[in-house]
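The values are calculated or read from the model by the stated rules, or taken from the named source; none is laboratory data. Remember, it's a predicted structure, so these values are computed and weren't measured experimentally. Cβ sites come from the backbone with ideal geometry, for glycine too, and all protein chains shown count toward neighbours.
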Amino acid sequence: MSKLGRNKKVQAAVTGMLLVPASAMAQQPPAQAPDPTPPPPTENKPGDPSSAPATMQPVTVTGSRPSEDFFTNKGSINRMGAANLMDVPQSVIVVNKALMQSQGVTTLDQAVRNVPGVTIGAAEGGNIGNNININGFTSRGDLYLDGMRDRGQYYRDVFALEQVEVLMGPSSMLFGRGSTGGVINQVMKKAFNKQATELSVQGTTNGLVRTTADINVPFQETNAARVSVMFQTGKAQTIDMTNVLDFGVAPTVTFGLGQPTTLTLAAVLQHKKDQIFYGVPPLNGFPLNTPRNTAYGFNNDYTEQDTIALQSTLGHKFNESLSLRNQTAFTWVNTQARQTSGQAVGTLTPAGAFVLAAPGPGGTPYSAAPLNSLYVRQQSRDRNINDTTIENQTELTGFMNTGFVNHSMLAGIDLSYETYSNATSTRTAPCNSFPMGAGFVGCTPAGVTVAAGQPLNVQSVYGNFQSSQAFGAGFYFNDTMTVLPELKVVGGFRYDIFNAQVGNSLNRFNQIGNTTTALFTQTDTFTSVRGGVIYEPTPQQSYYVSYSTSFNPSLEMLTATTGNQNLPPESNEGYEVGAKYDLLGGNLGLTGALFQITKYNARTANIDGTFSAQGTVRVQGARVGVAGRITPEWQVFGGYAYLNGRIIQGIAAGTQGMVPLNTPKDSANLWTTYTIKETWEIGGGVFYVGQRYANNTNVVTVPEYTRFDLTAAYKQPTYDLRLNVYNVFNTMFYDSLIASDGGRAVPGSGTTGMLTLNYRL
């Protein structure tokens, strides 16, 4: 099919998604207007039969709720301007606990794969942890925990989460710096006023064993405490050397449940010691074609992470129209990594020396040699990273009327202090006694896992030590105005000040000709805006158009890329038009949107190693989504995203006109379950990701894939037993990408079964 034909089909599908529900609702009879005349008072006299107390007539309810709903139409972030997502003029996709449990989700990456248009980046030397793209733009600094910035480099588990919210589009007015493609907000489990305990144990065919506990205890009528615990050990995937040893605890306590003043204290404490697979390097324009389970590291490689996240939230409701909330968060993450990756492909000379594959089209390595004669050069990727963030937000929420206009207003102050340090080191060893250069620590056959230990007497040599700190202040105001019962207008602005200082031990004397930043300070200011119009002819349908902006300072991640001094912030703007529907009595939600996101002043790599602010990147797209119940027994959650991404003005040599890396044109998913007699549940899903590129020059192509999963469960009031089977047909696919080393790709896991027992007290 031609590109034009496919684009027309996409446009027709989105148009149908927007119009058909509206047409269906338009055919429903209008609701009767209430009689403005109050009923006459009833006079009851003693001894009169009519004086007996009124008795409610019995009501028969049909249908059942055999499991929790996949559909959530409530958000948790005050700054969005409305708890009801129908009143938010942007796409918001919620992956809730019910969906995560149905799929056996254990990590944040697995959760957000339910959102079309979201793709995953792999680990690399500088960034270790979740690297997620939204709408073709990195969201490395756009992760939040209960609305507070969660910037640390670590792999996030979901044991302490109630749901994950993905807000699409630029949102600096709501969150400050970042959010080009959107933000991901993790919502923690909170204490509530009912005794509850849930215990879970899982085992997989790979040998992973995992157990969790979730205990909630109310006390003194208006207080409650809750704690979530996780422990897991074993092999995480079908890929070799992916062993994990993780544990965590997340306590939370709330004082004043249901009272005007509430205080919530929460924490997430987590330790992880994992082996991370860094993927395969490219060859002949594609990821190196090796058996899925092949790994190139040493068997004693590890990534060890400790995380401490503390939060306090104090809220006071003065009256029905005015409330104040103060939230403070402290996060510290330490990552120590001694990892080895497959950096490049080549062959061995008769004497045993490693020789890189010859450059082919576009400069990518090319070789016609069979796999059993290829070798991979191993590179050390060693880091000791410390991330610290302290943030405080104060927000005042008020409701008032000015004439015929009703206002829902939010004013806030956001203050932050952040530090970052990264001590790098390298290990160097020869390949068969032939030196390969600093940082390269060996060579290994390309088609098999050797699983050897690191060579003896290999010393670590310390490299650059980078240390930085940043101060931020944001002042914001948002107003949702109800002009008519059917018409709302949203407007907001935010002013940010961001000051960062970055220092490097290398070139500490500012030597001439060395572009490494020794010590650099930069202050950026930016005003972000957000505006939208929402038309709701009935409570079950919402149509909106919105405009929003965001910015990315050059020192946003507290790192100084070589030669990026004095660059202005990248500026982003987004347009979106969409519709949202609540159907079948609020049991089923449909969404659809058309959007455009443009990044201006994108940092552009120059030939001399410096950068300039000359690039432009644009993504135009469409998305549709469905979530909820078609019948009381049948649930669905799914969506489709179309992304037409282009680098309008080159961000490096050979990138102009290309597609941004890890941006598939088409992606879709559908998960569905059906419950039989409230006891048995069967279901499954399909995940599709279209062709992508592993670098911005588009010379390394990653093929499309379709993956099928299945689930079945036996449910009882106090326990349930669930079986999940992932990648049923053992499809070979690439799960995550990163631009390092010309474009690396990480294969996804093969067919895996997981059995879960949940027990409730």
Residue in segment 247-256 that is crowded, with 16+ Cβ neighbours inside 10 Å, within 27 Å of Met732 (Cα to Cα) and in contact with a strand residue (DSSP E or B) (Cβ under 7 Å, 6 or more places away or on another chain) present: no
Any strands (runs of 3 or more DSSP E) falling wholly within segment 695-761 and containing at least 2 residues that are out of contact with any Leu (no Cβ under 9 Å at 6 or more places or on another chain): 705-715, 734-738
Answer residue from segment 662-694, given it is in contact with a Gly (Cβ under 7 Å, 6 or more places away or on another chain) and in a loop (DSSP other than H, G, I, E, B) and is surrounded by the fewest Cβ atoms within 10 Å (Cβ to Cβ) among those: Lys665
Any hit, segment 200-220, residues being modelled with pLDDT of 95 or more, under 16 Å from Pro89 (Cα atoms) and among the aliphatic types (A, V, I, L, M): no
Within segment 315-340, tally of residues that are more than 30 Å from Thr303 (Cβ to Cβ), part of a strand (DSSP E or B) and among the hydroxyl-bearing types (Ser, Thr, Tyr): 1
Yes/no for Leu356 being over 24 Å from Ser505 (Cβ atoms) and surrounded by fewer than 15 Cβ atoms within 10 Å (Cβ to Cβ): yes
Val355, sole failed condition from (1) in contact with a strand residue (DSSP E or B) (Cβ under 9 Å, 6 or more places away or on another chain); (2) more than 30 Å from Gly453 (Cα to Cα): (2)
Residues within segment 102-113 that are assigned to a helix (DSSP H, G or I) and within 11 Å of the chain's Cα centre (by Cα), tallied: 5
Matching option when the condition is in contact with a helix residue (DSSP H, G or I) (Cβ under 9 Å, 6 or more places away or on another chain), surrounded by 15 or more Cβ atoms within 10 Å (Cβ to Cβ) and touching a residue at least 40 places away in the same chain (Cβ under 8 Å), among Gly342, Gly363: Gly342
Residue in segment 558-577 that is among the small types (Gly, Ala, Ser) and under 26 Å from Gly638 (Cα atoms) present: yes
